[in-house]
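Visitor: Mind having a look at this structure? Questions to follow.
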Amino acid sequence: MTSKPERVVLIGVAGDSGCGKSTFLRRLTDLFGEELMTVICLDDYHCLDRKQRKETGITALDPRANNFDLMYEQIKTLKDGQEIMKPIYNHETGMIDPPEKIEPNHIIVVEGLHPLYDERVRGLIDFSVYFDISDEVKIAWKVQRDMAERGHSYEDVLQAINSRRPDFQKYIEPQREFADVVLQVLPTNLIKNDEERKVLRVRMLQREGKEGFEPVYLFDEGSTINWTPCGRKLSCSYPGMQLYYGSDVYYGRYVSVLEVDGQFDNLDEVIYIETHLSKTSTKYEGEMTHLLVQHREYPGSNNGTGLFQVLTGLKMRAAYERLTAKEAKLAVNV
Ligand SMILES: Nc1ncnc2c1ncn2[C@@H]1O[C@H](COP(=O)(O)OP(=O)(O)OP(=O)(O)O)[C@@H](O)[C@H]1O
Ligand SMILES: O=C(CO)[C@H](O)[C@H](O)COP(=O)(O)O
């Protein structure tokens with residue numbers, strides 16, 4: 001860690017396993033650097049190990065398999081600027097390992113299945129994102145990873161998703177309501193009955209009315225816009241690209257919605273889209289495109305998942321800078 005933080009900023013990254021959280025965390029590290037940021041995987045607060053879960057039939061998604069009291073106490077302690085001894089859940093053995101020391105840092109990211117589940121933990125989080133991946137896309141991503149990297153069969157993957165679904169719907173999905181940004185990943189509307197799931201429709205739902213959070217908009221704030229950017233300035237091969245911006249009500253609250261359906265042929269041309277977006281929280285024109293282009297290899301860089309992950313990261317950086325500047329001001333006034 002660099003220096004003792006005056007104000008620890010807490011970021012929540014929520015979603016099911018295999019939904020792109022690790023990819024997003026790499027993007028956050030690109031923005032903040034490794035020194036400034038510490039990531040806590042909330043799997044470490046599993047209080048039932050793999051054997052116990054198997055014996056009881058309780059899944060890792062079930063609150064009974066997680067120690068929320070300890071999670072809250074330890075996250076609060078870190079936010080108060082003190083170190084903790086955090087338990088470790090070992091994914092290789094399925095057992096709980098001896099704890100490790102974690103020191104407070106400028107940015108603490110809590111990522112996993114339940115960052116927004118417990119009201120007390122939620123109250124500590126300064127900015128949050130929920131990864132809302134539709135079942136069709138989740139299956140495609142998980143099949144691709146688990147078959148290639150983990151030697152699972154297609155049937156294994158499907159069975160794993162199906163068996164998790166009831167608890168996912170009960171305990172994980174409802175957290176969407178509390179996130180500042182929800183990234184929805186859906187099948188494309190541009191190809192009829194698409195089965196490939198290569199082309200995606202991605203929506204960024206941004207909470208309205210949160211102090212200091214200015215949602216990104218396209219062309220004109222508050223309007224409803226449908227935009228086909230393909231043409232001279234943006235190359236689009238089949239099936240093209242569609243952007244949408246508008247407002248909606250989500251769990252009873254206003255949200256601004258940005259949507260990208262389709263994929264980019266040439267990432268450098270994303271600058272054309274960037275020049276039509278406002279309130280991106282970039283520090284110079286082209287920063288959003290630069291962040292995307294610098295890691296073309298990250299999954300989703302050529303579509304809305306990458307673009308909106310970058311924008312969400314920029315909003316987290318803006319929140320961090322605003323909160324730490326406020327703290328510095330308060331300290332000066334004391
Ligand atoms: N935007 C994307 N486009 C295409 N594939 C993606 C995208 N994001 C993730 N994936 C696929 O899903 C897999 C899981 O992504 P990632 O490791 O980022 O998820 P995770 O939520 O951290 O998962 P876990 O909690 O299981 O580690 C990746 O290996 C990749 O195959
Ligand atoms: O949903 C998960 C989050 O990563 C895991 O399934 C959960 O943590 C249990 O881990 P394992 O399957 O390794 O016992």
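Visitor: Can you tell which of K210, K192, K142 is more than 16 Å from ligand 1 (Cβ to nearest atom), farther than 25 Å from M288 by Cα and of a type in the set (K, R)?
Guide: Exactly one of K210, K192, K142 is more than 16 Å from ligand 1 (Cβ to nearest atom), farther than 25 Å from M288 by Cα and of a type in the set (K, R), namely K192.
Visitor: Please specify each residue of the stretch 1-55 satisfying the condition of being within 16 Å of ligand 2 (Cβ to nearest atom), over 19 Å from L183 (Cα atoms) and β-branched (V, I, T).
Guide: Selection gives V39, I40.
Visitor: Within the stretch 45-56, can one find any residue that is within 16 Å of ligand 1 (Cβ to nearest atom) and of a type in the set (A, V, I, L, M)?
Guide: No: zero hits.
Visitor: Please verify whether G18 is within 16 Å of ligand 1 (Cβ to nearest atom), closer than 22 Å to Y171 by Cα and of a type outside the set (F, W, Y), treating the condition exactly as stated.
Guide: Criteria met by G18.
Visitor: Still on this model: Cβ-Cβ below 8 Å, separation at least six or inter-chain, first residue in the stretch 314-326 and in contact (Cβ under 8 Å) with a residue 40 or more places away in the chain and of a type outside the set (G, A, S), second in a helix (DSSP H, G or I) and surrounded by fewer than 19 Cβ atoms within 10 Å (Cβ to Cβ): which pairs?
Guide: Going by the 8 Å Cβ cut-off, the qualifying pairs are L314/L31; L314/E287; M316/L31; R317/L31.
Visitor: Just to be sure before I move on: is S281 assigned to a loop (DSSP other than H, G, I, E, B), crowded, with 18+ Cβ neighbours inside 10 Å and of a type in the set (G, A, S) in the structure I sent?
Guide: Yes.
Visitor: Further, regarding this structure: Any residue that is under 24 Å from the mean Cα position of the chain (by Cα) and either within 16 Å of ligand 2 (Cβ to nearest atom) or not assigned by the TED database to the domain that holds F24 (or both) - is there at least one of those in the stretch 225-234? Walk me through it before giving the result.
Guide: Residues of the stretch 225-234 that are under 24 Å from the mean Cα position of the chain (by Cα), as a first pass: none.
No, there is no match, as no residue in the stretch 225-234 is under 24 Å from the mean Cα position of the chain (by Cα) and either within 16 Å of ligand 2 (Cβ to nearest atom) or not assigned by the TED database to the domain that holds F24 (or both).
Residue-by-condition table, conditions (1) among the β-branched types (V, I, T); (2) touching a strand residue (DSSP E or B) at 6+ places or on another chain (Cβ under 9 Å); (3) loosely packed, with under 15 Cβ neighbours inside 10 Å:
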site: G20; (1), (2), (3): no, yes, no
site: F24; (1), (2), (3): no, yes, no
site: G33; (1), (2), (3): no, no, yes
site: H46; (1), (2), (3): no, yes, no
site: G57; (1), (2), (3): no, no, yes
site: F68; (1), (2), (3): no, no, no
site: Y72; (1), (2), (3): no, no, no
site: D80; (1), (2), (3): no, no, yes
site: I84; (1), (2), (3): yes, yes, no
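Visitor: Ok, one more. Checking T312 against (1) under 17 Å from L218 (Cβ atoms); (2) within 16 Å of ligand 1 (Cβ to nearest atom); (3) not in a helix (DSSP H, G or I), which test does it fail?
Guide: If we test T312 against (1) under 17 Å from L218 (Cβ atoms); (2) within 16 Å of ligand 1 (Cβ to nearest atom); (3) not in a helix (DSSP H, G or I), just (3) comes out false.
Visitor: Exactly one condition in (1) surrounded by fewer than 17 Cβ atoms within 10 Å (Cβ to Cβ); (2) touching a Phe, Trp or Tyr at 6+ places or on another chain (Cβ under 6 Å); (3) not assigned by the TED database to the domain that holds T324 is false for D118; which is it?
Guide: With respect to (1) surrounded by fewer than 17 Cβ atoms within 10 Å (Cβ to Cβ); (2) touching a Phe, Trp or Tyr at 6+ places or on another chain (Cβ under 6 Å); (3) not assigned by the TED database to the domain that holds T324, D118 is out only on (1).
Visitor: Can you spot a residue in the stretch 25-32 that is within 23 Å of E173 (Cα to Cα) and basic (K, R)?
Guide: No, every residue in the stretch 25-32 fails to be within 23 Å of E173 (Cα to Cα) and basic (K, R).
Visitor: Since Y154 meets every condition but one in (1) more than 17 Å from the chain's Cα centre (by Cα); (2) on the phi > 0 side of the Ramachandran plot, which condition does it not meet?
Guide: Evaluating Y154 over (1) more than 17 Å from the chain's Cα centre (by Cα); (2) on the phi > 0 side of the Ramachandran plot leaves (2) as the failure.
The values are calculated or read from the model by the stated rules, or taken from the named source; none is laboratory data. For clarity, every value in this text was computed on a predicted model and none was experimentally measured. All Cβ positions, glycine included, derive from the backbone under ideal geometry; neighbour counts span all protein chains shown.
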